[in-house]
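Just below is one structure, and these are the notes that go with it.
Every number in this text was worked out from the coordinates using simple rules, so none of it is lab data. Here the structure is a predicted model, which is why all the values come from computation and not from measurement. Cβ sites come from the backbone with ideal geometry, for glycine too, and all protein chains shown count toward neighbours.
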2 protein chains.
Amino acid sequence: MWILHQYPLCPFSRKIRFQCAEKGVAVECVREHPWERRDAFLLLNPAGQTPVFVQGAVTLSDSTAIAEYLEETVERTPLYGAGAEARAETRRMCAWVDQKFYSEVVVPLLAERMFKRLVTRGQPDAATIRGAQRAAEGHLDYLDYLLEHRRWLSGPAFGLADVAAAAQVSVADYLGGIDWDGHEETRTWYSAIKSRPTFRPLLAERMEGLPPPAHYDKLDF
Amino acid sequence: MWILHQYPLCPFSRKIRFQCAEKGVAVECVREHPWERRDAFLLLNPAGQTPVFVQGAVTLSDSTAIAEYLEETVERTPLYGAGAEARAETRRMCAWVDQKFYSEVVVPLLAERMFKRLVTRGQPDAATIRGAQRAAEGHLDYLDYLLEHRRWLSGPAFGLADVAAAAQVSVADYLGGIDWDGHEETRTWYSAIKSRPTFRPLLAERMEGLPPPAHYDKLDF
Ligand SMILES: N[C@@H](CCC(=O)N[C@@H](CS)C(=O)NCC(=O)O)C(=O)O
Ligand SMILES: N[C@@H](CCC(=O)N[C@@H](CS)C(=O)NCC(=O)O)C(=O)O
């Protein structure tokens, strides 16, 4: 069985867990807090980042590399789309959410609302949180626009762009970063994601000492 | 012919140009300064980033998506390695240099030494530049360590990890960010890269008003 080194609010780990669930790959999760910079973990991944995906002598890190590996080795439920152009669009959208949404929305929310609460016990900075919420607004506008033209984020079929985006959006939503008002297209999309049985275990999970807002795991939000 | 929207010191554009040269794909470069945020460019790539790769009705952005597209569509000179595990290692190393090396070394050097010189005409911040140089030291130590165990960065064969790393290292070197002393393995590797005919056009190019250090394009440096 694959072992995934992760913590509940790591969006890249959520991406791999959601992808594995869609593909029917069993995963055992092992808790890792990358900010502790444990020597044993740095040996697994010198970048010091979650997720790390291990089975026997195979140790993989970087969620994009892991996702491509799963796509290449597990035939069931292909998630990149048909044809080179569709696959490029899937990868463009994954890079968008993994890099832009993550750094502009998720990083400041994790820093202010998770790290300060659980690790350094400092006061969250309200201006930084507002900045992340405003950035989320802009990103949801873009997702709304895409979803006016497409059934799923990278085209007609559910795929890895939806998996990656749901992972980032769900962490931002957990941390109170998303105001769903006025984002009907993205709300409808996320509601469809939330009702997938493969996604529900992620929604049910909690980071200790850090409860999500009441709407977080509701199908009607 | 493919058109690449880029500027000479964009490392992600260098990655695509070097990959195309290795694969024998002809590319016409068109100049774009992403910081100008031109409307016409934002229509091509809403992320507002170079590179963008265009041919007829096909418009691709994000260099990782472009690189995978080229690997899937151009048979000549496969660059990801043989087998899923080797391919995962190629992608892990690409993510390392594209994300960690880029953000810790190249971003501050571009900001202080290119952007302030050519655009805002401000004073470069010496402490930021020293921080980037120190970060480069750490990265070169890691590359040295890898190259003690492998012929190329992701394994026995030249591949996309070498292409991506050479792109980032060459921009850092252009901007005076690299001290080669004490990095014999990486120096030997980079010397082999510099002597590839596919890389020489990149080394010959200049950003106007911003000359590189004397050793930059020398094979013996
Ligand atoms: N490119 C990596 C990014 C992973 C990442 O940034 N993980 C975060 C946790 S959500 C982390 O470990 N950060 C600690 C650090 O960067 O030192 C991936 O896709 O796996
Ligand atoms: N993930 C993108 C990153 C591209 C990128 O960051 N390009 C820089 C130039 S080197 C840029 O356009 N920056 C302007 C911006 O981010 O607004 C890729 O791999 O293509």
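Peptide B:66-75 has a mean of 3 when you count, residue by residue, the C-beta atoms of other protein chains within 10 Å of its C-beta. Where in region B:81-122 does the amide nitrogen come within less than 18 Å of the point 7 Å from the Cα of B:Thr128, taken along Cα to Cβ? Of the residues in region B:81-122, B:101-122 have backbone N under 18 Å from the label point off B:Thr128.
With label points defined 7 Å past Cα in the direction of Cβ, position B:Thr120 shows copy-to-copy spacings of 2.3 nm, given to one decimal and shortest first. Spin-label model, B:Ile3/A:Gln99: points 7 Å from Cα along the beta carbon direction are separated by 2.2 nm. Looking at chain A, the DSSP beta bridges with both ends there are about 65 percent antiparallel. Extent of region A:84-204 along its three principal axes (Cα atoms, max minus min coordinate, largest first): 46, 28, 28 Å. Taking A:Cys20, A:Cys29, A:Cys94 as the candidate residues, the one with maximal mean-square fluctuation in a Gaussian network model of chain A, Cα springs under 10 Å, is A:Cys29.
With q set to 0.06, 0.11 Å⁻¹, the log10 of I(q)/I(0) for the protein assembly as shown, from the Debye formula over equal scatterers at the Cα positions, is -0.25, -0.90. Rounded to the nearest Hz, the phi-derived 3J(HN,Hα) couplings of region B:169-174 under the Karplus curve 6.51 cos²θ - 1.76 cosθ + 1.60 (θ = phi - 60°) are 4, 5, 5, 4, 5, 4, where x marks glycine and proline. Sequence-distant contacts, meaning Cα pairs under 8 Å at least 6 residues apart, place the relative contact order of region A:115-221 at 26 percent. Given q = 0.14, 0.19, 0.24 Å⁻¹, what are the Debye log10 I(q)/I(0) values for region A:44-139, with equal point scatterers placed on the Cα positions and solvent ignored? Per q value, in the given order, log10 I(q)/I(0) is -0.74, -1.02, -1.16. A Gaussian network model of chain B, with springs between Cα atoms under 10 Å, assigns the largest mean-square fluctuation among B:Leu143, B:Leu110, B:Leu210 to B:Leu210.
Binning the alpha carbon pair distances of chain B at 5 angstrom intervals from zero yields the distribution 1, 7, 15, 19, 21, 17, 12, 6, 2, 0, expressed in whole percent. Relative contact order for chain B: 22 percent, from Cα pairs under 8 Å spaced at least 6 residues apart, divided by residue count.
List the aspartates and glutamates whose alpha-carbon lies under 15 Å from that of B:Lys23, not counting same-chain residues fewer than 8 positions away? Within the straight-line limit of under 15 Å, B:Lys23 reaches these aspartates and glutamates: B:Glu68, B:Glu71, B:Glu72, B:Glu75, B:Asp162. Karplus-based coupling profile of region A:64-78, in residue order and whole Hz: 5, 5, 5, 4, 5, 4, 5, 4, 6, 9, 10, 5, 4, 6, x, with θ = phi - 60° in 6.51 cos²θ - 1.76 cosθ + 1.60 and x standing for Gly or Pro. Between amide H atoms placed 1.01 Å from N, distances below 5 Å from B:Trp2 occur with B:Glu28, all of them 5 or more places distant or on a separate chain. Which pairs, out of A:Lys15/A:Lys194; B:Lys100/B:Lys194; A:Lys15/A:Lys100; A:Lys116/A:Lys194, put more than 18 Å between their alpha-carbon atoms? Flagged as over cut-off: B:Lys100/B:Lys194; A:Lys116/A:Lys194.
Across the identical copies, the 7 Å label point of B:Gly131, projected outward along Cα→Cβ, sits 1.3 nm from its counterparts, in ascending order.
Between copies, the label points of A:Met1, set 7 Å from Cα on the Cα→Cβ line, lie 5.7 nm apart, reported in increasing order to one decimal in nanometres.
Seen through its C-alpha gyration tensor, with square-root eigenvalues sorted a ≥ b ≥ c, region B:2-73 comes out prolate because a/c lies at 1.5 or above while a/b is bigger than b/c. For the residues B:Val25, B:Val58, B:Val171, a GNM of chain B with alpha-carbon springs under 10 Å puts the largest fluctuation on B:Val58.
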